[in-house]
Amino acid sequence: MDNKKRMRILSGIQPSGKLHLGNYFGMMKPALELQEQGDAYLFIADYHALTSVSDPSALRQNSRDVALDFLACGLDTKRTVFFRQSDVPEVLELSWLLSIVTPMGLLERCHSYKDKTAKGIAASHALFSYPVLMAADILQVQATTVPVGRDQKQHVEVTRDIAIKFNLQFGETFTIPAPSIRDEVAVVPGVDGQKMSKSYNNTIEIFGPEKDTKSRIMKIVTDSKQLEDSKDPSTCNVFALFKLFASGDERHEMEAKYRAGGFGYGAAKKALFEKVWNYFEPYRTKRAELEKNPAYVEAILKDGADRARLEARNTLMRARQAVGLE
Ligand code: ADP
Ligand code: TRP
């Protein structure tokens, strides 16, 4: 198999809550930019979300929201196959075939599993085998490139290990993928300075209501320097978020204001709010339009599922042959 000739991008996101700036800069924006460079697959990881969402109506609503969010933010359905994971059930059979070559120890070492169980999520078999299903997502379309935030790097490494082992044991079947992680947005901080995450209640949503967005930004934790003091932008959570939106000049200007003193965190937060709100304004308009047309969104997902299934069936057939089921 020739990996060098083409780039095939795949990434997914769980519909487990409202998408936030960490999701946007860590995964959505890089994935949407990469769709210019190769064929791309993006999907709503609803099977995965079942490991943490137990309310069926919340799962349905979240899935609809994620679909709208991606389409509003520039997913190009001509270039990108956009689908719901559960509309391509072949992935579950592939996941089983992959689990045959997956050592327990590989999964036991996964940080995400350890973190989630430490936070009180039940240590179910689904949660434990989550990375095997993720490997099947990636391998079923023979992806070369997986844009994600840093917290997902280990899962892509697990995918590589599984694919290499399967190929060795049963013959060349899968393309070996690589993660694509942008250093500058690998970990976007939340309002408390920890990694922004739905599970830490420290997010700024990309499509949150204006009042809520403002009040969350106003709550960003800063040090206790006074208005007149000189401040260090490199250690400030407000600045860390501001620079995600700012041009080079705007960034330098803001750094100078921090250092000069006489510029308070309240003013920095106001400037950040303006940036966030204006940046997403055109996407909000697009989203509101799409929201009025659920049949159109559903048709896109169905068409995406049809296209993804062709690829998934092809890969599954090869894997079934490789292990001797055919
Ligand atoms: P959450 O931690 O909010 O549950 P997910 O685990 O669903 O987020 O992450 C979805 C995608 O967004 C993944 O690719 C992940 O790496 C990326 N991501 C999530 N939070 C951040 C963050 N704070 N910084 C950078 N990328 C992030
Ligand atoms: N585990 C990813 C997350 O929580 C979501 C995901 C599922 C994914 N399957 C994937 C990401 C395949 C990239 C590729 O963010």
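The values are calculated or read from the model by the stated rules, or taken from the named source; none is laboratory data. Keep in mind that this is a model prediction, so the values were computed, not measured. So basically every Cβ, Gly included, is an ideal-geometry build from the backbone, and we count neighbours across all protein chains shown. Note: areas computed on protein heavy atoms with side chains; ligands, DNA, RNA excluded. Shrake-Rupley method; radii C 1.70, N 1.55, O 1.52, S 1.80 Å.
Numbers for the structure displayed
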item	result
From the options 151, 76, residue that is open to solvent by 40 Å² or more (accessible area, probe 1.4 Å), within 13 Å of ligand 2 (Cβ to nearest atom) and either under 30 Å from residue 290 (Cβ atoms) or β-branched (Val, Ile, Thr) (or both)	151
Criterion: touching a residue at least 24 places away in the same chain (Cβ under 8 Å), more than 30 Å from residue 201 (Cβ to Cβ) and of a type in the set (D, E, K, R) - qualifying residue of 64, 84, 8	8
So residue 222, is it more than 16 Å from ligand 1 (Cβ to nearest atom), touching a residue at least 24 places away in the same chain (Cβ under 8 Å) and surrounded by 14 or more Cβ atoms within 10 Å (Cβ to Cβ)	yes
Filter result (within 12 Å of ligand 2 (Cβ to nearest atom) and open to solvent by 30 Å² or more (accessible area, probe 1.4 Å)) within segment 13-49	14, 16, 47
Any chance residue 166 is among the aromatic types (Phe, Trp, Tyr), out of contact with any strand residue (DSSP E or B) (no Cβ under 8 Å at 6 or more places or on another chain) and either closer than 30 Å to residue 288 by Cβ or not in a helix (DSSP H, G or I) (or both)	no
Segment 300-321: number of residues that are open to solvent by less than 90 Å² (accessible area, probe 1.4 Å), free of Cβ contacts under 8 Å to residues at least 40 places away in the same chain and within 18 Å of residue 40 (Cα to Cα)	0
Segment 1-12, residues that are modelled with pLDDT of 95 or more and either within 12 Å of ligand 1 (Cβ to nearest atom) or open to solvent by 20 Å² or more (accessible area, probe 1.4 Å) (or both)	8, 10, 11, 12
Residue match in segment 107-130 (condition: among the basic types (Lys, Arg), open to solvent by 60 Å² or more (accessible area, probe 1.4 Å) and closer than 30 Å to residue 282 by Cβ)	no
Filter result for the condition that a residue is within 23 Å of residue 309 (Cα to Cα) and either modelled with pLDDT under 95 or within 16 Å of ligand 1 (Cβ to nearest atom) (or both), over 60, 79, 64	79
Criterion (in the same structural domain as residue 305 (by TED's automatic domain parsing), of a type in the set (A, V, I, L, M) and touching a Phe, Trp or Tyr at 6+ places or on another chain (Cβ under 6 Å)) met by exactly one of 139, 168	139
Flag if residue 52 is in contact with a helix residue (DSSP H, G or I) (Cβ under 8 Å, 6 or more places away or on another chain), small (Gly, Ala, Ser), open to solvent by 10 Å² or more (accessible area, probe 1.4 Å) and modelled with pLDDT under 95	yes
Residues of segment 136-155 satisfying the condition of being part of a loop (DSSP other than H, G, I, E, B) and more than 8 Å from ligand 1 (Cβ to nearest atom)	141, 142, 143, 144
Residue list for segment 171-210, restricted to those being within 14 Å of ligand 2 (Cβ to nearest atom), in a strand (DSSP E or B) and in contact (Cβ under 8 Å) with a residue 60 or more places away in the chain	180, 195
So residue 21, is it assigned by TED's automatic domain parsing to the domain that holds residue 180 and at pLDDT 95 or above	yes
Residue within segment 108-125 that is on the phi > 0 side of the Ramachandran plot, more than 13 Å from ligand 2 (Cβ to nearest atom) and assigned by TED's automatic domain parsing to the domain that holds residue 317 present	yes
Segment 256-290, residues that are open to solvent by 40 Å² or more (accessible area, probe 1.4 Å) and touching a helix residue (DSSP H, G or I) at 6+ places or on another chain (Cβ under 6 Å)	275, 279, 283, 286
Subset of segment 244-254 [within 21 Å of residue 186 (Cβ to Cβ) and either in contact (Cβ under 8 Å) with a residue 12 or more places away in the chain or buried (at least 18 other Cβ atoms within 10 Å of the Cβ) (or both)]	244, 245, 246
